[in-house]
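Below is one structure, written out as structure tokens; comments come after it.
No value in this document is a laboratory result; all are computed from the given coordinates. Computed from a predicted structure; not experimentally measured. Heads up, the Cβs are rebuilt from the backbone with ideal geometry, glycines too, and the neighbour counts pull from every protein chain shown.
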Amino acid sequence: MLGLKLSSDPRWVNIAEKNLEEILSDHAFCEQKAASTAISLIVSFPEYTELVQEMIALVEEEMSHFKMVHDLLLERGFNLGRDRKDAYVSKLIQFFPKGGSRTTQLIHRLLLAAMIEARSCERFRLLSEHLEDKKLAKFYRKLMVSEANHYTSFLGFARQYGDKEVVNQKWNDLLVYEADIMKSLSISESIHG
């Protein structure tokens, strides 16, 4: 369903399980950044009423996820820690040329968000299927479904607001580019790394 060209290295789940504090902290910040992205889309493109409505709901959902992950951290005696730069997202951003029309900028931001959500969904699926901690596995199963909905929503808006053929080609190119990023990243205790 996600169309990702390269699956995550299965060893990532083992690293995640051994570094739950780092994974949960990174995950919390991913949720916060997703909420920030939705707010930024509202601020930058207020004339797209349907998008604004969807982003309002997304902000609420992502912040509730942030709280859930933060609660899991505290429950385990961890703290949030400091945010780290996300090498995956930094590399994804480089795919998109700077500038262009306002519509082009919107499409690029929607495709970027869709890709991040797609990879998060895939990672959450792995956690839900392989974590020994059944409570966490169940938690990630629920979030996996949510991420899939976000992915389809962002991609759907990109296709709605842009030329569908152009958007589909850009998406396919992005999928190939993202697979190369995944090959180049070392396996780390982060959601996308």
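Remarks
- Relative contact order [Cα under 8 Å, 6+ residues apart], the chain, whole percent: 33
- Ranked by the mean number of other Cβ atoms within 10 Å of their residues, highest first, the peptides 53-60, 127-134, 22-29 fall in the order 22-29, 53-60, 127-134.
- The range 2-67-the range 160-186 distance, computed between alpha-carbon centres (Å): 18
- Within a Gaussian network of the chain (alpha carbon springs, distance under 10 Å), most fluctuating of 16, 179, 34: 179
- Each Lys or Arg adds one and each Asp or Glu takes one away; over the other residues whose Cβ falls under 12 Å from the Cβ of residue 25, this sums to -3.
- The charge dipole of the range 13-184, taken about the Cα centre with unit charges on the Cβ atoms of Lys, Arg (+1) and Asp, Glu (-1), comes to about 260 debye, rounded to the nearest 20.
- For the chain: Kirkwood Rh in Å [reciprocal of mean 1/r, alpha carbons]: 17.1
- Relative contact order for the range 58-146, counting Cα pairs under 8 Å that sit 6 or more residues apart, in percent: 16
- The range 1-69: trypsin sites (Lys or Arg not before Pro) in DSSP loop, at most 16 other beta carbons within 10 Å: 5
- Simple rule: put +1 on each Lys or Arg Cβ and -1 on each Asp or Glu Cβ in the chain, find the dipole, and look at 143, 121, 108; the Cα lying farthest toward the positive end is 108.
- Residue order, fewest to most beta carbons within 10 Å, for 49, 37, 103, 152: 49, 103, 152, 37
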